[in-house]
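Participant: Can you read through this structure? Questions will come right after.
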Amino acid sequence: MGEQFDFAIIGGGMAGASLAAELAPHARVLLLEAEDRPGYHATGRSAAFWEECYGGPEVVPLTLASGTYLREHGFLSQRGALYVGRDEDAGALDAFMDRFANSGATIERLYAMDLAKRVSGLREEWTGAVWEPACADIDVAGLHAHYLSALRQSGARMEVRARVSECLFADGAWRLTIESGDTYGASVVINAGGAWADQIADMAGVRPLGIAPLRRTVAQLRVNPAPPRDLPLVLDISGTFYFRPENGRLWLSPHDEEPSPPCDAAPEELAVASAIDRLTRVVDWQIEAVEHKWAGLRSFAPDRLPVYGSDPANPAFFWFAGQGGFGIQTAPAAARLASQLLMGSEPDEMTHGLDAPIYSPARFG
């Protein structure tokens, strides 16, 4: 068997990099990334916002716990978010307010007069909204680079072009073989494989949890007038679109969730066309060009909550997956919580309010 480690993390996106950075000061850590560079898939294709309500009330504590770290390290830029609706959506807007009333998120109900001040050109049928002032843009590349630098400085080893082809558990330890033929040993394997999480589990002889990759499409548009820099993130309360400004352009998504196999996701023309059609029903801006489009895979467990914890059947296999579209905004708290579970250490100021059992893989039986 090759070089030995305490923890071998499979996947070098935001999940794997952040957890490696948390563990590296305390243990021997190996990070294995299948692609030429870490963060090629979901991390590199994020719509890049920190939004308190994203993911539902059970995810809010992770988001809020991460917020202080992200702000203190300069990774957030204030924007605000606006969930908009028409007259027939008033019930949905009120239900949203009720759902998050005791979650810790800061939200406010707005009406037509307030909307016109925040979104110029908004069509008159959009008459109500929920305002979330704390929403911010995230410097995703900066945050990922921050964790990659931290793990290296703490002595973790990262290998790229290191797709795992075999993962065997015997005599209380793991042997991992990558496609080049190199092998490594580890006491614990950590599954941070994103869209590939269930495939990794299956390869390791662990029961998959039903973590499903869903494709999300984003297009960059040139519109006239150009979106103002202080335009909030605008989301449909019914979940059919969102958009925000980016360097004088507009990032637009149809909020699609199309089932997909784990892959290098590509945007579908129909999804882009649907997004543009929906945008024209919201604002009276002229769309001049689609300059760029891309897609990424967001992976969800069956109950749409993240999965953090040791597998009930094999505690030497640790799940750090199923983080949907909120994995970036919750990365600091999620990684800190997972490292404490792995090291057997007590919660700290960041994690003391988190209910770890609700994220455990044991909830699936």
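Participant: Suppose we filter Ala334, Ala271, Ala275 for residues that are under 20 Å from Trp50 (Cβ atoms), in contact (Cβ under 8 Å) with a residue 40 or more places away in the chain and either among the β-branched types (Val, Ile, Thr) or assigned to a helix (DSSP H, G or I) (or both); which single one remains?
Facilitator: Checking each option against the conditions leaves just Ala334.
Participant: Looking at this structure, is Leu30 over 18 Å from the mean Cα position of the chain (by Cα) and either part of a helix (DSSP H, G or I) or exposed (fewer than 15 other Cβ atoms within 10 Å of the Cβ) (or both)?
Facilitator: Values: over 18 Å from the mean Cα position of the chain (by Cα): yes; either part of a helix (DSSP H, G or I) or exposed (fewer than 15 other Cβ atoms within 10 Å of the Cβ) (or both): no.
So Leu30 does not fit the description; no.
Participant: Next question. What do you reckon, is Glu159 of a type in the set (Asp, Glu), surrounded by fewer than 22 Cβ atoms within 10 Å (Cβ to Cβ), within 23 Å of Ser310 (Cα to Cα) and in contact with a Leu (Cβ under 8 Å, 6 or more places away or on another chain)?
Facilitator: No, not satisfied.
Participant: Do you know which residues across region 333-360 are out of contact with any Asp or Glu (no Cβ under 9 Å at 6 or more places or on another chain) and of a type outside the set (A, V, I, L, M)?
Facilitator: Gly344, Ser345, Glu346, Pro347, Asp348, Glu349, Thr351, Gly353, Pro357, Ser360, listed by residue number.
Participant: Does Phe5 satisfy being buried (at least 18 other Cβ atoms within 10 Å of the Cβ) and more than 30 Å from Ala173 (Cα to Cα)? Talk me through it step by step, then tell me what you get.
Facilitator: Details: buried (at least 18 other Cβ atoms within 10 Å of the Cβ): yes; more than 30 Å from Ala173 (Cα to Cα): no.
Taking the combined requirement at face value, the residue does not satisfy it.
Residues are listed down the side, and each one gets a yes or a no for (1) at pLDDT 95 or above; (2) of a type in the set (Gly, Ala, Ser); (3) not assigned by TED's automatic domain parsing to the domain that holds Val218:
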residue	(1), (2), (3)
Ala21	yes, yes, yes
Ala27	yes, yes, yes
Leu31	yes, no, yes
Arg37	no, no, yes
Trp50	yes, no, yes
Cys53	yes, no, yes
Glu58	yes, no, yes
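Participant: Another one. Out of all the residues in region 93-117, which are modelled with pLDDT of 95 or more and either farther than 30 Å from Leu354 by Cα or assigned to a helix (DSSP H, G or I) (or both)?
Facilitator: Listed by number, the residues that qualify are Leu93, Asp94, Ala95, Phe96, Met97, Asp98, Arg99, Leu110.
Participant: So, one more: Restricting to region 175-202, what's the tally of residues that are outside any strand (DSSP E or B) and crowded, with 20+ Cβ neighbours inside 10 Å?
Facilitator: Here the count works out to 9.
Participant: Need at least 2 residues that are more than 28 Å from Glu88 (Cα to Cα) per element, so show me which strands (runs of 3 or more DSSP E) inside region 122-163 make the cut, counting only ones lying wholly within it.
Facilitator: Hits in region 122-163: 136-138, 157-159.
Participant: Restricting to region 220-245, and then to whatever is among the aliphatic types (A, V, I, L, M) and outside any loop (DSSP other than H, G, I, E, B), can you tell me which residue is surrounded by the fewest Cβ atoms within 10 Å (Cβ to Cβ)?
Facilitator: This residue is Val223.
Participant: Within the set of pairs 6 or more residues apart or between chains, which connect a residue that is crowded, with 17+ Cβ neighbours inside 10 Å inside region 100-126 to a residue that is hydroxyl-bearing (Ser, Thr, Tyr) with Cβ atoms less than 8 Å apart?
Facilitator: Leu115/Thr127
Participant: Hey, any hits in region 27-49 for a residue that's in contact with a helix residue (DSSP H, G or I) (Cβ under 7 Å, 6 or more places away or on another chain) and within 24 Å of Leu279 (Cα to Cα)? Steps first, answer last, please.
Facilitator: Start the filter on region 27-49 by keeping residues that are in contact with a helix residue (DSSP H, G or I) (Cβ under 7 Å, 6 or more places away or on another chain), which leaves 29, 31, 38-39, 41-43, 46, 48.
Subsequent filtering for residues that are within 24 Å of Leu279 (Cα to Cα) retains 46, 48.
Yes - at least one qualifying residue is present in region 27-49.
Participant: Considering only region 75-92, how many residues are charged (D, E, K, R) and in a helix (DSSP H, G or I)?
Facilitator: Total meeting the criteria: 3.
Participant: Residue check: is Tyr147 of a type in the set (Phe, Trp, Tyr), modelled with pLDDT under 95 and at negative phi?
Facilitator: The answer is no for Tyr147.
Participant: Given the conditions (1) in contact with a strand residue (DSSP E or B) (Cβ under 6 Å, 6 or more places away or on another chain); (2) without any contact (Cβ under 8 Å) to a residue 40 or more places away in the chain, and given that Trp251 satisfies all but one, which numbered condition is not satisfied?
Facilitator: (2)
The values are calculated or read from the model by the stated rules, or taken from the named source; none is laboratory data. Bear in mind that the values here come from a model prediction, so they are computed numbers and not experimental data. Neighbour counts run over all protein chains shown; Cβ positions are idealised from the backbone, glycine included.
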